[in-house]
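Take a look at the structure below.
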Amino acid sequence: MMLAKKLGCGLERGIELLFGLMVFYLWITSIFFNGITDESEANYINGDRWQLHLLILILFVCFCALCRNRGIRFPSGWTAGLFLVSACAGVLWILMVRTIPCVDQGDVVRIASKLMEHNSEEWLPYGYMDRNPDQRTIVFLYYLLFHVAGKGNYLFIQLLNVPFLLISIFFIGRMIKRVFPEGNRTAVMTGLACCIPFGMYITFVYGTIMGLMFAVAGIDYVLCCMEDFRWKYCLLGSLGILLAVWSKTNYLIFLIAVICMLAADMIKSFQPKKLLLAAVVISVYLAGMMGLDAVLSSMIGMDIPKGVPKEGYVVMGLSDDSYRGPGWYNGYILSKYKELGCDYETSKEYMRREMTELIKKRMEEPEDTLRFFFRKNVTQWGSPAFQCFWIQTICESKIEQPPVVHSVLYGDGGLHRVLSDLFNVMQSLVYAGVCIFLVFHPKLGIGQLIFAIAFIGGFLFHMFWEAKGQYTVVYYFCIIPYAVMGYQSMAGWLDNAYRRYRGRAAGEMEERE
């Protein structure tokens, strides 16, 4: 029992250390370099002013300490007001932008609409769903939503993203209050609401925000169940995680993070109910995926295609031949899949050989490989906007957009430059805040590390997978609570140090008198 507890504690410390090293690396790169994504999705790396970032960090810490010293608190009703303002701003932005979903998001809307017409042509060889069968889950969810809102009603989904985002913030705040009783839930929720790069994804009809809502709600109920096993929590948590993966397959990383959390917790203190919880989470996911595939197969009258082999995405993620940037999309998987006759087994064998050769090449050229991963990580983790402008500039609009929209979205706009600088500062503050948090909280429990585990998974996955800022923004958003609590801890430490200094100074004056 003692050995198991030590092993569990060792796992927690290992996760904490790895998470800290990753975020510290990102903080260092964020103050020296700045990733830029232009309207064509080409990525560039510019130098940054590290002195300015350090000065702002010091000033921000001093501001937090001053607020703590003066007892400045959020006013009554702050959270309700924050949510109301955020909701109004989100709806207003959607109505001003009125982007028409394009590229992949446009495809899933179009195919969900075709599904309502019993049209399965996109599932035939080299059709969109033949190439990308992982999109079947979000297509099915939109198919269900369109039965409520009307076929192809993407505006309904965009507007739905607003409450989904606020619900995500609410559940993250609730989770933080549960696992960090000393944490300031209002401050955490305020920090999340201020993450404008992720907030601008409300116009993105691709399951990003909807999936996060289901993921954090599911994790919250799993944490409840770890404390007090109840079937209600168990089933709600499992269902939430399943719906998250249905919304966007990238949230499979959050499912794996939950399983890792439960496994580490069972190593530390084994309880049959925790094993049952893990079994239910896995069973609900597997049953949900198999059930959805059975329903869709019946609807389209054919088996679900296997699609482009996953090895192709690794080849693309390790290649440096895209104008978009190192490891970014270069069209390799689609051209090769078509060239090989849309045959899954032949394509898989070919792409596996390509992947093996590319990995071998990367290992034989360590200096070039390090430069490659450095540039890739800066473009997807060190780009402060995380493609929040690009996802809207690439799409056409149904209306003539107001001048303020152009000023925000395009590089020649005044508000765009202001927001870009703001996002740049915020990014370095977030990464620095997480590092400060880990200094002041050196022995975190496994439940407190759930977002750290998800972050590690996302960081490692996207080192080898196709790079995109729209993928990494989710993990960036989820570590903001750690950053907020880091500044709270630093402010408290500075305030206590100041009070001790004042106390000693007063004592010395009394002795002299």
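The values are calculated or read from the model by the stated rules, or taken from the named source; none is laboratory data. In this text the structure is predicted, and so the values were computed from the model without any measurement. Using ideal geometry, Cβ is built from the backbone for each residue, glycine included, and neighbour counts are taken over all protein chains shown. Remember, those area values only see protein heavy atoms, side chains included, never the ligands or the DNA or RNA. Shrake-Rupley method; radii C 1.70, N 1.55, O 1.52, S 1.80 Å.
Remark: the chain carries a charge dipole of roughly 1600 debye about the Cα centre, counting +1 on each Lys and Arg Cβ and -1 on each Asp and Glu Cβ.
Which order do K248, K232 take by accessible area at a 1.4 Å probe, largest first?
K232, K248
Pairs spanning more than 30 Å between alpha-carbon atoms, out of K274/K468; K268/K468; K306/K398; K151/K248: K274/K468; K268/K468; K306/K398. Computed from backbone phi with θ = phi - 60° and the Karplus coefficients 6.51, -1.76 and 1.60, the 3J(HN,Hα) list for segment 18-25 is 4, 4, x, 5, 5, 5, 4, 4 Hz; x is used for glycine and proline. Please identify every one of the chymotrypsin sites (Phe, Trp or Tyr not before Pro) in segment 406-474 that sits in a loop by DSSP and has no more than 15 other beta carbons within 10 Å of its own beta carbon. Passing sites in segment 406-474 are Y410. Ligands, DNA and RNA left out, the 1.4 Å accessible surface of segment 375-466 is 65% carbon and sulfur atoms. Taking every Cα-Cα distance in segment 423-513 and sorting them into 5 Å bins starting at zero, the pair-distance distribution P(r) comes out as 3, 12, 16, 18, 14, 10, 7, 6, 5, 4, 3, 2, 1, 0, 0 percent. When a 1.4 Å probe is rolled over the protein heavy atoms, the share of accessible surface on segment 166-252 that falls to carbon and sulfur comes to 65 percent. Solvent-accessible surface of the chain, taken per residue with a 1.4 Å probe and all protein chains present: 45 Å².
Based on the alpha-carbon gyration tensor of the chain, what equivalent-ellipsoid semi-axes (square roots of 5 times the eigenvalues) come out, in whole Å, largest first?
Listed largest to smallest, the semi-axes of the chain are 39, 27, 25 Å.
Stokes-Einstein diffusion for segment 241-342 at 25 °C, viscosity 0.890 mPa s, with a Kirkwood radius from C-alpha pairs, works out to 146 µm²/s.
When a 1.4 Å probe is rolled over the protein heavy atoms, the share of accessible surface on segment 1-157 that falls to carbon and sulfur comes to 70 percent. Centroid-to-centroid, using Cα positions, segment 59-136 and segment 184-208 are 8 Å apart.
Under 19 Å of direct C-alpha separation, and excluding same-chain neighbours fewer than eight residues apart, K273 reaches these lysines: K5, K232. Peptides 114-122, 259-267, 177-185 ordered by packing proxy, namely the average of other Cβ atoms within 10 Å per residue, highest first: 259-267, 177-185, 114-122.
Loop-located trypsin sites (Lys or Arg not before Pro) in segment 1-104 (DSSP state not H, G, I, E or B) with no more than 15 neighbouring Cβ atoms inside 10 Å: R49, R73.
Find the percent of Cα-Cα distances in segment 273-327 that exceed 19 Å, and round it to a whole number.
Result: 60 percent of Cα pairs exceed 19 Å.
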